Structure formats: structure tokens, C-alpha cells
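Engineer: Right, I'll just put the structure down here and ask away after.
Bear in mind these aren't lab numbers, they're just calculated from the coordinates by the rules spelled out. Please read all numbers here as calculations on a predicted model, not as lab measurements. For neighbour counting, all protein chains shown are included, and Cβ atoms are generated from backbone atoms with ideal geometry for every residue, glycine included.
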Amino acid sequence: MLKNKSKYLFFFVSISISILSLYVESAHTEDGRLYDENKGLHLSSESIDSLGIKLGKVTQKILSTASIPAIAQVFRSANEESTSNKVYLNGYAYASSFLDRQLLEKIKVGDIAYIENPFVQNIEEKATVIQVNPDLIKPLYNTEVIIKIEQSAKNQLSIGSSVKTRFIIDSQSTVITIPQSALLKTAGGYFAYVKDECYFVRKPIVLGIKEANWLEVKEGLSLDEEIVIRGTDQLWITELEVKESSDS
């Protein structure tokens, strides 16, 4: 009889410890201690589902007819009268962009570029590279690239306008890639979330060329790492909220 009571007591204690463990884990999840400076953001499977997070792998791809994203600033509008300078023609806008000199070998005079005109939605305007000045700003280790933008009579770009630009290049190299949806853009730069067990680590990355919806990652990620390919913005917001609640 005493033996049976001991057995039941042991069973009861085991169940109680299991329930207590679940409670402690739940309390750990609910009291704001979800972020670890070394490991990243901890999420339960339920949280992952509710945030709509989708996972994928860092891959290798051969990128061809790729493009280099950049920002160009307009220094001459299309309606500006031409002077004796034959470089700049009437009816075209001209803009300059500064790129890493490592990209110099990939861009040459005559290459095609496309710019996003802020006055025209979902339509890119064609541009042509007319000058490449590698030694203009040596301290910044940048190359100035000047483009000529074809402009219609309407929606012309004004001097000082900043426009998103894609320089079209030919590339047949095999590179580390992630989908566009995996990229997180913040004021601090470009990032991707890497999953490590139940933690999501936000890693800074350096981008290279772009083709369609694929981005080359020059630094920051390794082949076959598991990353977030959907839900990066939601993760970023969650990380900020958790860090704020932990600090308060």
C-alpha cells in the first residue's frame, strides 16, 4: 500500500514539475524577455505563424543581364538651353551617380540605365551612360557616372532631383543571392534575418548586383543559411517593440 502511495506521489510531483516548467517558459515569453543581444529575437512557433513569417535558404545563382541599384542626382534639366558645350543636348536631362570603384569594370560608356521618375508611377525612363570618371573623388574611393535621360515634354525632372537608378550590366558570375523579399532596409543600412533554432538574428549585409527579384549578397551571409524570406518588416517591428519593453 505504501509502495503504491509512493508511486502516485512521484507521478503527481512529475506532473507538477512539468506544468510549472510550462508556466515558467510562458512567463518568460510574456514578460518581455524575448530579446537576447547575442542570440537575437526569440519567437514561439505560434508567433512565427501569426506574423506570417516564411523561411528559405541562402542560394547561389548565375546572374545575367543584372543591374546595379543606385541613386542619381539631376544637374541639368531637359528644358535647359544648350550652350557651346556639345556634351549636353537639348531635350535630355543629365544626372550623376557615385558608385563604389569596385564596380568600375562593370560599367562603361554606352551602357543602358533606367530611372524611376517620381512623376510617373510604375514606368521607368531610359538613360545612357555618357561618362565614367573614376578619379574624380579619390578620398571617397567612388566613381562618378553621368547618365543622359530621355525625357518627354511632360513630367520633366528638375535640377536637384534625386532618382532611383538601375545600371544594366552583363554578368555571368555565380554569386550568393537572396530574394528581394528577404531584404530589410532601415536607416542603419541593409539587413537579413537569419534563423538559429528559435532565435532570429538580424545580420547586416552588403549588396551587389540585382537581377529581377534576386539580390547578390557580397558580405554578411553564407550559402544555405536559413533566412526569413517573408515577414521581415513584421519581425523588425516586433524586435523594436520587444527591445523597448525590455528597456522600460
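Engineer: On a 21 Å Cα-Cα criterion, which of the cross-link pairs 195/218; 185/243; 210/243; 164/203; 61/126; 218/243 come out too long?
Structural biologist: Pairs exceeding 21 Å: 210/243; 164/203; 61/126; 218/243.
Engineer: Determine the sum of side-chain charges near residue 194: Lys and Arg each +1, Asp and Glu each -1, restricted to other residues whose C-beta is under 15 angstrom from that of residue 194.
Structural biologist: For residues surrounding residue 194, the net value is -1.
Engineer: Still on this structure, I have one more. Residues with amide H under 5 Å of residue 95's amide H, sequence separation 5 or more or different chain, H placed in the peptide plane at 1.01 Å from N; which?
Structural biologist: 75, 147, 149
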